[in-house]
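**Student:** If you scroll down you'll find the structure; I have some questions about it.
The values are calculated or read from the model by the stated rules, or taken from the named source; none is laboratory data. Because the structure is predicted, anything quoted here is derived from the model rather than measured. As a convention, Cβ positions derive from the backbone with ideal geometry for all residues, glycine included, and neighbour counts pool all protein chains shown.
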Amino acid sequence: MGITFDLGIQRRRERRGSRQHAAALADAEARAKAELEHIIAAARLVVSTRFASATLLVSRLGVTEEVAGRILHRLEHCEVIAPAQAGRDVQTVLTTPAQLPGVIREFQVRG
């Protein structure tokens, strides 16, 4: 007696897997878009206030400490703010208000 394989079952599994994969991709894209929006909002905030700290991002943007840390790291990487210094909670803002539109365009292009 051989093992038979129902091709219909396999196709249903493949379709289900494709739907799950599509849902996961859509979820990842939504998270990336939300993160980009937070980064742009944070860039606007720190440039306008000339003040950059995790506490500011948590209170003004409503993000968690973890997300605020990631945003600050990204702003450092893009040279919007200076790297963190040991013992200081506030980071120096390097970008001027005149440079901000170009920085935001760059964020939007690079994602």
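**Student:** Check whether at least one residue in segment 25-34 is assigned to a helix (DSSP H, G or I), closer than 30 Å to Arg88 by Cα and modelled with pLDDT of 85 or more, and report yes or no.
**Tutor:** yes
**Student:** Could you check segment 82-111 and list, in sequence order, the residues that are closer than 15 Å to His38 by Cβ and surrounded by 13 or more Cβ atoms within 10 Å (Cβ to Cβ)?
**Tutor:** Val103, Ile104, Phe107
**Student:** Can you report the number of residues in segment 64-78 which are modelled with pLDDT of 95 or more and not in a helix (DSSP H, G or I)?
**Tutor:** So the count comes out to 1.
**Student:** Might you check whether a residue that is part of a loop (DSSP other than H, G, I, E, B) and at positive phi occurs anywhere in segment 88-105?
**Tutor:** The answer is no; no qualifying residue exists.
**Student:** Which ones in segment 31-77 are over 18 Å from Arg110 (Cβ atoms), surrounded by fewer than 12 Cβ atoms within 10 Å (Cβ to Cβ) and among the small types (Gly, Ala, Ser)?
**Tutor:** Residues satisfying the conditions are Ser48, Ser59, Gly62.
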